[in-house]
Every structure is written in C-alpha cells, then in structure tokens.
1. Being at pLDDT 95 or above, under 34 Å from the mean Cα position of the chain (by Cα) and not charged (D, E, K, R): is that true of His108 here?
2. Taking region 100-128 as the search range and keeping residues that are farther than 14 Å from Glu65 by Cβ and among the small types (Gly, Ala, Ser), which one is least open to solvent (accessible area, probe 1.4 Å)?
3. Answer yes or no as to whether Val159 is under 29 Å from Thr18 (Cα atoms), assigned to a strand (DSSP E or B) and within 38 Å of the chain's Cα centre (by Cα).
4. Look through region 71-94, keep the residues that are farther than 18 Å from Ala133 by Cα and touching a helix residue (DSSP H, G or I) at 6+ places or on another chain (Cβ under 8 Å), and return whichever of them is surrounded by the most Cβ atoms within 10 Å (Cβ to Cβ).
5. Name the single residue that is surrounded by the fewest Cβ atoms within 10 Å (Cβ to Cβ) among those in region 466-489 being touching a Pro at 6+ places or on another chain (Cβ under 7 Å) and aliphatic (A, V, I, L, M).
6. Can you list the helices (runs of 4 or more DSSP H) found entirely within region 375-451 that contain at least 1 residues being over 30 Å from Leu492 (Cβ atoms) and either open to solvent by 70 Å² or more (accessible area, probe 1.4 Å) or not hydroxyl-bearing (Ser, Thr, Tyr) (or both)?
7. Checking the conditions here, which among Arg485, Arg535, Arg467 is part of a helix (DSSP H, G or I), within 30 Å of Asn392 (Cβ to Cβ), touching a residue at least 40 places away in the same chain (Cβ under 8 Å) and over 19 Å from the mean Cα position of the chain (by Cα)?
8. Mind checking which residues of region 452-464 are part of a strand (DSSP E or B), of a type outside the set (D, E, K, R) and within 29 Å of the chain's Cα centre (by Cα)?
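The values are calculated or read from the model by the stated rules, or taken from the named source; none is laboratory data. Quick caveat: nothing in here was measured; it's all calculated off a predicted structure. Note that we place each Cβ from the backbone using ideal geometry, even for glycine, and neighbour counts take in every protein chain shown. SASA here: full protein model, heavy atoms, side chains in, ligands and nucleic acids out. Shrake-Rupley method; radii C 1.70, N 1.55, O 1.52, S 1.80 Å.
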Amino acid sequence: MTNLLLRQSSLPDLCPVTAAVEELAHAGGIEERGAIFTRREVVEFILDLVGYTDDRPLHKLTLLEPSFGDGDFLLPAIDRLLNAWTSSNLTGDPLGTLHHCIRAVELHRDTFNCTHAAVVARLIERGVATRTAQAIADTWLVHGDFLLTKLPSAFDVVVGNPPYVRQEMIPAALLAEYRSRYATMYDRADLYIPFIERSLELLMPGGALGFICADRWMKNRYGGPLRALVANGYHLKVYVDMTDTPAFHAEVAAYPAVTVITREKAGVTRLAYRPAIDRTTLANLANALNAKKLPTEESGDVRELAGVTAGAEPWILESSDQLAIVRRLERDFPAMEEADCKVGIGVATGADQAFIGPFDALDVEDDRKEPLVMTRDILRGVVEWRGYGVINPFADKGGLVDLADYPRLKHYLETHKDKIARRHCAKKAPGNWYRTIDRIAPSLTRKPKLLIPDIKGEAHIVYEEGRLYPHHNLYYVTSDKWDLRALQAVLLSAVARLFVATYSTRMRGGFLRFQAQYLRRIRVPRWEDVPEALRGELKRAAETQDISACNRAAFKLYGLSEEESAALGGNGD
C-alpha cells in the first residue's frame, strides 16, 4: 500500500477517489507505502498459528492476503497449499482445484507485477503448465485498494502485515471515503486499523486472522472502536509481543505484535512475549499456543488470561495475578479525579522560542510572565529551577489582554511576531495571533502540585511547592483535599506503576508513558478514609524518597494481601 500526496490535476477526468487510488497505485517508495517486510520464520509462525499447515487439505480452505507486497506471506502460503495438494494425490486440472483457494490484494502496480511473475514462476516450478499457472495467478491476485475492492464474502484464513500509514499521508478524498465505509477509522487511526476491520468482517464462522502489526491500537484512544468490534463478535485467541525482536528484514520504529483473532465465541487468550526468532523456537511456541490444553512444560513461555476484551476498554495483557489486583482495586476505590486529585498537562505555546526565555530577561510587565518549570528542572527528583519563564497573554477574567494596556508586552510580541504569527492557531484566528495554544492561569503557579514527565522507565513524581508553572512536557496533579506529599508516595509506589503499565503503551527499552489518560486510571482512597498514622507514614516515605517505604505504606493503604504484595514484587523491603 502506498500513500504519497495526490496530484489530482494529473488525472483530471477521474473522480477524486478514483484519482487518488490510481495515483497511489503508481507512486511511492517502500517507506511511503507503509511497506515493512516480514522475516520468513515469523511468516511460518503465523501460518502455523492460524492452522494453515500442509498436513491439512488446504485445497478446501480459502486464504486472503490483503496487502501482499513482495509476497512475504503469499509465497510461503502457496508453498504450503501446493505441498498439501501434492500429498493429496488429486487428479484433474489444477486450475479447477486451486483457483478458489487464495485471494491476495496489492495496490502498488510495479509491486503487483513483480509478485505476479514470482507466483507464476513458483507454480511452474511445481509442475503446473505455464498457461494454467498464468490463469491461476490471474485469479488469485487482485490489483486494487483492499479497502475498496469487491472480494468473495468469506475466508477461512486471513494473514499478513497490513500497511502502517498515518492519516495525514492519505489524500483527503480517499480518507473521507475510508471514513464513510469503516467505523474503526476513528480519531488518529492509522491505515492498518480499517485493514483489520475489513479482514475480520471477511472471516467465515470459525475463521482465523493472523496479523503482525503495531500494537498501539490495543490500548490507545483511536483503537477503541476496533477493540469493541473484536469484543462483540470475535475471540482474541493469541497475542505475542514482538517488541525488540528481529521480526522484520529491516529495523523499524514500530512496536509489533502477532495477533490471532478468530470468528467464534470469546474465551481465554494465550500470550507469549518476545520469543527468539528462529524456526525451531517459533514452531514449538506455535504448538504450545495451539494446544487444546496448555502443556505444563511450556508454562514459562505461554500464559493464559481471561477477560482481556471488554468493549472498547484498553486490553490488559499483563499476568493474571496482576490483572486480578487491578480489577479488585478498580472495584474498591475511586479513580484519581473522583478522589479530588486533578490531573492536567502544562502549557503548550506553539512557539517556545518566542514565548519562553530566561525569566528576568523577558522584557514585559511583571504580571505578563510566569516562572516556568520544565523536565530538565526536575531530573534529580527535586525541583532545581533554571530560571526560565513563559509569557502570559491572557487576561485574568478571560480572553487576551489588550496590547494597548501593556506597551512592553506589545513591543516584545511584535519583535517576535514572525515566529508567533506563522503558527496554525494564529493563522486560524489572526486577531488572536499572540495567544499561546493553551490558556495560562496564574493561579496554577501558586498551587502546590506533583510534576510527572511523560516518558520514564519508573515513576518520577516530583513535589513542587507552588512557585512555578508547568511546561507542556510535564503532567501535574493538584488536590484540595489530599496531602500532596502523601499522594506523592502513592504515585511512587508499585501500585501506581501497575495501573500505568497496565493501560499505557510501552515504549522501547521498557519505558512507560505517564500520560494524563493513564494517570487518571489510578485508583486512590478518599483522603478522609486514610488513617492518621498511615498519612504520616506516606508523607515521611515521600519526603525521604524511599521507594521501599512508599511501597510498604501504599500496600497498607490498599489492604493488599500477601499474595497481592508478592505479585507486585514483595512488601517493599
């Protein structure tokens, strides 16, 4: 699949959607098309997982490959089909026997032609007459846009590596058409999302989809409609985390997973994590994942987890004992904001070079700037302010200040107007050209708060006493009821990390994203329900930055059992 920007004028006689598809069919290199090439060992693994093995009568099954590219999945599938056909000792015309077995779609014209030739050659090598091989390939391979092309109504197996393409790379007319057809094309969904939707809809009852693709949709906002689709009519049978494994021929920045989803009643999900990429290991892993009963000797490599899919909710793919803790705490305690702990994010200006600078050097009226705290100010776990500030163009009662009332601010902003006015928000509302993207409320500066950087390996929660305004790369927590030092201990504990790890998308190197949407999922008691002695223990643990003490106090706060404490790494000692 390819996705360069459309030059519609080059195809003036076609409707916009047709022109977009035609343009994409002839344009773009590998990266622009979202094409990632999968290693043969991984392809064989996925074919094993979906049951497309040559010891079965594959000539009676139908297989779909929705974006076949250079044939990474298609050619191994053909090899298995031909092996099964040969071993069945079937007689007669191979065209009549095999023509219905495969449908494979590719949009990029040059790629389609090259792989078509490779399929014909593969059939000829296996003894199929040239004319028959050509006819079979013509039937199997479809040139077109998978999301728009008419196909047979049901398949036993769908396999592949769908294209990973951001929405902004898709021509507007084509994106609108996709949105009209696919309910999962939601928010910032990448192209592989509707690919999964259509592939699932093309499965016959009992059929299996096996894809390797980015796992972001399993927890991110844009994946909600697709998660709901899976929960309402399918079974998430297998999940294999492939992050940091050499699953592809080239290193990629994605976070891939192998997912098998079947069209049958939901049940337990089998999970495995980051297997070695060699044929023997993956073959043994596939056997364990497909076994009717999980072999005890494989229990270290494969886990079973019930209740992974729950409507549009993010999928929890952690261990069953940790999942049980999350579910119990969600039942027994309110979410952060229900317990009067507000979560927010710092100010985004859209032009930091203009709006941010050394506080004393910002030549504006004193009430038009706020001292700013940034990630670099809290690297060592405490605030070490480097002296930066941010311009505040907002009036206390709402709206922007009148620059005529602030001559120094007016001069400063006009001096930097070339940087400020070219922002999107300034072009959209030229009369408000000097606003920051986010409104600045000076009352937040004076409010004590906990500061949390976005991406960290472990929780990094810093207390700020109420002198600084947070920058946009920092999340903050405030509360009018909770003692923030006590809350700091809770957020530094393994319990808070469990919630973030459960719902957050994990980054390379095991880093977690401590974003507002995940912080809000943390459960905490209401402050009035915390015993006095435990309040003091929590505060002392935070003030001394003793993580073990934070864990001990937090485990008491939540009433964790010995088994639950062990699942989170013990009692903190």
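1. Against the criterion (at pLDDT 95 or above, under 34 Å from the mean Cα position of the chain (by Cα) and not charged (D, E, K, R)), His108 does not qualify.
2. Ranking the qualifying residues of region 100-128, first place goes to Ala121.
3. yes
4. Phe73
5. Top of the filtered list is Leu484.
6. 407-415, 417-420, 424-428
7. So the residue among Arg485, Arg535, Arg467 that is part of a helix (DSSP H, G or I), within 30 Å of Asn392 (Cβ to Cβ), touching a residue at least 40 places away in the same chain (Cβ under 8 Å) and over 19 Å from the mean Cα position of the chain (by Cα) is Arg485.
8. Ile452, Pro453, Ile455, Val462
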